[in-house]
Amino acid sequence: MTQLLIGMASTENEAILMLNRLKLVGIAKDRLGVVAKEQLDLERVSEQTELPKPLKGGGTDGAFGALKGVLTALDERKDQIQTVGQAVRRLAGNQIGEGTDDLVLMLTEAGISETKAQMYETFLLDGGLIVVVECDDSELDEVIPILSMEEKPQA
């Protein structure tokens, strides 16, 4: 059965390390993704991991995107998330912050508990990145230590 697993990275370097380790254990690029509030973080992640360019979601480019940004700043603490990777492309452009539950709803629909989804949203608002992996039960033993940044003992 396919599961969605999420790891938290405080910096783009941590996200890059996680993603490259996941690729080394055989996780295909199309089953990986990263979510962040800042596109600059994701540009570097994309370059260093050979994942696709960041997606912002509909309506965030050009004049309408700038207007939406101004209106958001005047309203409440809301941000739009950016994504890199096939596994998270549906999340691109979702809002996070006060007065919205876009991301939380999307994550709970994917099987993540509401408590964890809210924790991930707060982590993103504070500038963190989340690394998302679609994996099979047979891959859990390899994936979980990487997402929790545990070192495997050397044989």
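The values are calculated or read from the model by the stated rules, or taken from the named source; none is laboratory data. In this text, all values refer to a predicted model and were calculated from it rather than measured experimentally. Cβ placement follows ideal geometry from the backbone for every residue including glycine, while neighbour counts extend to all protein chains displayed. We work out accessible area using only protein heavy atoms, side chains counted, and drop any ligands, DNA or RNA first. Shrake-Rupley method; radii C 1.70, N 1.55, O 1.52, S 1.80 Å.
Here are some notes:
- Pairs where the first residue, in the range 36-56, is within 14 Å of Ala87 (Cβ to Cβ) and open to solvent by 70 Å² or more (accessible area, probe 1.4 Å) and the second is assigned to a loop (DSSP other than H, G, I, E, B) and small (Gly, Ala, Ser), C-beta under 6 Å, 6+ apart: Leu55/Ala92
- The range 8-35 - residue that is exposed (fewer than 15 other Cβ atoms within 10 Å of the Cβ) and among the β-branched types (Val, Ile, Thr) and, of those, nearest to Phe123 (Cα to Cα): Thr11
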